[in-house]
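Each reported figure results from applying straightforward, stated rules to the coordinates on display, with no laboratory input. Because the structure is predicted, anything quoted here is derived from the model rather than measured. Using ideal geometry, Cβ is built from the backbone for each residue, glycine included, and neighbour counts are taken over all protein chains shown.
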């Protein structure tokens with residue numbers, strides 16, 4: 001097992017099966033509510049140039065529960081970026097105040113640039129429409145804990161597969177497992193070619209379709225996503241696909257007994273609130289698993305494999 005200490009977490013493509021399973025094992029242990037204060041004296045910097053609720057708060061909560069402290073900002077408007085400072089200069093400054101940086105930005109590739117300039121580890125908390133690796137990892141933890149396994153499942157990813165960074169990272173990570181993937185989207189929001197090319201290279205089975213309800217009876221897991229209005233240059237194009245897929249309570253009758261419905265949140269209208277009380281709807285559990293998974297990552301990156309020995 002490679003040591004995770006001081007490792008940047010930037011892409012779902014960077015992980016092998018044994019590493020993922022190890023992270024998930026520790027994430028599961030974090031759920032026992034007995035949190036070792038192993039990060040006492042460590043400081044996390046959260047640099048969020050885009051809005052966030054779950055990612056930012058779960059990282060901050062994870063750090064605090066492990067005994068560490070948090071500094072940072074939740075908007076570019078309250079940072080010196082608004083005055084014209086470069087990302088590189090921001091990173092070279094913040095690294096002096098922290099032991100690890102968690103960063104979200106609207107542009108692809110900024111995470112790797114930040115890692116290049118930083119002397120402390122950088123975790124990508126969302127890089128434009130490109131990737132969101134810690135979301136993908138927490139999604140795997142959710143699937144494994146709620147379904148009992150990942151291997152052998154039929155998993156559908158539905159909605160905005162072009163701009164949805166969560167489904168990109170999740171797809172990359174799922175290449176390490178024996179699953180069947182179904183990509184459900186309008187033609188204009190199909191999964192990106194570079195993700196599809198990676199899946200083919202890794203020989204992962206997948207099918208692309210625009211038909212939502214035809215696929216439902218086949219699935220063990222359906223991962224819904226919102227259509228991301230903020231990613232569209234042409235707002236008329238957004239209006240054409242807005243609300244194209246909506247999971248309603250009646251759709252539950254078409255699903256398997258062990259079916260599970262997921263969503264990275266925030267939800268707009270793609271899942272009816274009438275579904276929330278179903279045992280098959282696990283998206284709010286998913287958010288809680290996110291804190292456990294991020295506790296595992298912070299511990300591993302800051303303490304290395306010694307973190308596991310302190311659990």
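Can you classify the stretch 20-94 as rounded, prolate or oblate using the Cα gyration tensor, where a ≥ b ≥ c are the square roots of its eigenvalues, rounded means a/c under 1.5, and otherwise it's prolate if a/b beats b/c and oblate if not?
Cα axes put the stretch 20-94 in the prolate bin.
Name the shape class, rounded, prolate or oblate, that the alpha-carbon gyration tensor gives for the stretch 18-176, where a ≥ b ≥ c are the square roots of its eigenvalues, rounded holds for a/c under 1.5, and otherwise prolate holds if a/b is larger than b/c and oblate otherwise.
oblate
Can you classify the stretch 251-311 as rounded, prolate or oblate using the Cα gyration tensor, where a ≥ b ≥ c are the square roots of its eigenvalues, rounded means a/c under 1.5, and otherwise it's prolate if a/b beats b/c and oblate if not?
Taking the square roots of the gyration eigenvalues as a ≥ b ≥ c, the stretch 251-311 is prolate.
Per the Debye formula with a single identical scatterer at each Cα and no solvent contribution, what log10 I(q)/I(0) holds for the stretch 207-298 at q = 0.21 Å⁻¹?
Relative scattering, expressed as log10 I(q)/I(0), comes to -1.10.
Would you mind calculating the relative contact order of the stretch 133-287 from Cα pairs under 8 angstrom and at least 6 residues apart, reporting the percent as a whole number?
Relative contact order of the stretch 133-287: 24 percent.
On each of the three principal axes of the Cα atoms of the stretch 133-287, give max minus min coordinate, whole Å, ordered largest first.
42, 40, 29
So how far, in whole Å, is the C-alpha centre of the stretch 119-138 from the one of the stretch 35-84?
After rounding, the separation between the Cα centres reads 14 Å.
How high is the relative contact order of the chain? Use alpha-carbon pairs under 8 Å, at least six apart in sequence, and give a whole percent.
Working: 593 pairs, mean separation 68.9, N = 311.
After rounding, I find 22 percent.
For 59, 183, what's the fewest-to-most ordering of other Cβ within 10 Å of each Cβ? Mind dumping the intermediate values first?
Working: 59 28, 183 22.
Final ranking by Cβ density, sparse to dense: 183, 59.
Take 26, 268, 143 and order them by how many other Cβ atoms sit within 10 Å, fewest up front. Let's see the in-between values first.
Details: 26 21, 268 12, 143 27.
Listing 26, 268, 143 from fewest to most nearby Cβ atoms yields 268, 26, 143.
Run the helix sum for the chain: -39,500 (n - 2.57) per DSSP H stretch of 4+ residues, divided by residue count, reported at 222 nm to the nearest 500 deg cm²/dmol.
-10500 deg cm²/dmol
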